[in-house]
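The values are calculated or read from the model by the stated rules, or taken from the named source; none is laboratory data. Quantities reported herein were computed from a predicted structural model and do not represent experimental measurements. Cβ atoms come from the backbone with ideal geometry, glycine included; neighbour counts cover every protein chain shown. What goes into the accessible areas is simple: the full protein's heavy atoms, side chains included, and nothing from ligands, DNA or RNA. Shrake-Rupley method; radii C 1.70, N 1.55, O 1.52, S 1.80 Å.
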Amino acid sequence: MDYIKYINDFKLQSDQSFLENVKRFYEETDTTTTFYHGQMVANEAVKLSNENHSQLYPAGLLHDISAFIPKSKRLDISEKLHIPILKEEHQVPLLLHQKLSAYIAKKCFQINDSNILDAIECHTTLKKNFNNFDLTVFLADKIAWDQPGTPPYLEKLNEALKDSQSKAALVYINYLLSHNLLVAHPWLLAAQKQLTLECK
């Protein structure tokens, strides 16, 4: 598959709803499992917040829209699309999927809302100076994760969530950093530092 050609050629169909267009993209790229994960994250994000539902839902749906690009191709595709790449993303190209998803959300689905694009772009790592919208999408992705079974950190995360989303996010990040992470993304470390100060 020519991934960049597909991205450039994809067109929204005016006779389809936003959800139908998104589902068609996932179907055409043979990633319908990711579509259902996206729906779960979208629903979880809406549950976690009392506001911004009309923005949170599309952010959840599209956060992993780049899943059709194989891990082995993400570095090359990101370079060709002129997406800024950090040293850690060169080491673990899997991490580039959040930036690629933000690119596709804007290019293919005409998303220009910076809240949505920023949250998609940092949904795996969070980042320095994150806002509540970023935090909600980040947490929704960790709660409605895309692996079989129950997340090993979920019980502690949900307990912390009773106090605040910041404490819940810190539980997840601390868990991740203590379990043989391949590389610590600088955005993740910056978010951890900020959350630690917030949760004192």
| query | If you check D163, D146, which single one turns out to be farther than 28 Å from F25 by Cα, not hydrophobic (A, V, I, L, M, F, W, C) and not in a helix (DSSP H, G or I)? | reply | D163
| task | Run D146 past the list (1) closer than 17 Å to P58 by Cα; (2) loosely packed, with under 15 Cβ neighbours inside 10 Å; (3) in contact (Cβ under 8 Å) with a residue 60 or more places away in the chain and report the number of the one that doesn't hold. | result | (1)
| Would you say I104 is open to solvent by less than 50 Å² (accessible area, probe 1.4 Å), more than 17 Å from the chain's Cα centre (by Cα) and touching a residue at least 60 places away in the same chain (Cβ under 8 Å)? | no
| query | How many of the residues in segment 70-95 are part of a loop (DSSP other than H, G, I, E, B) and either open to solvent by less than 50 Å² (accessible area, probe 1.4 Å) or among the hydrophobic types (A, V, I, L, M, F, W, C) (or both)? | reply | 6
| query | Got at least one residue in segment 108-118 being within 30 Å of Q16 (Cβ to Cβ), among the β-branched types (V, I, T) and free of Cβ contacts under 8 Å to residues at least 24 places away in the same chain? | reply | no
| task | Kindly indicate whether M1 is open to solvent by 20 Å² or more (accessible area, probe 1.4 Å), within 14 Å of the chain's Cα centre (by Cα) and touching a residue at least 40 places away in the same chain (Cβ under 8 Å). | result | no
| request: Please name all residue pairs, on different chains or six or more residues apart, with Cβ atoms under 6 Å, provided the first residue is in segment 69-91 and is touching a residue at least 12 places away in the same chain (Cβ under 8 Å) and the second residue is assigned to a loop (DSSP other than H, G, I, E, B) and buried (at least 16 other Cβ atoms within 10 Å of the Cβ). | output: I77/I69; S78/I85; E88/H185
| note | Exactly one of Q98, Q55, Q39 is polar (S, T, N, Q), in a helix (DSSP H, G or I), free of Cβ contacts under 8 Å to residues at least 24 places away in the same chain and closer than 30 Å to S164 by Cα, and that residue is Q39
| Do any residues in segment 151-172 that are within 19 Å of A184 (Cα to Cα) have Cβ atoms under 7 Å from those of residues that are of a type in the set (K, R) and in a helix (DSSP H, G or I), where the two are at least six apart or on different chains, and which pairs are they? | V171/K156; Y172/K142
| request: Scan segment 39-60 and give yes if some residue there is within 26 Å of P186 (Cβ to Cβ) and either surrounded by fewer than 18 Cβ atoms within 10 Å (Cβ to Cβ) or basic (K, R) (or both), otherwise no. | output: no
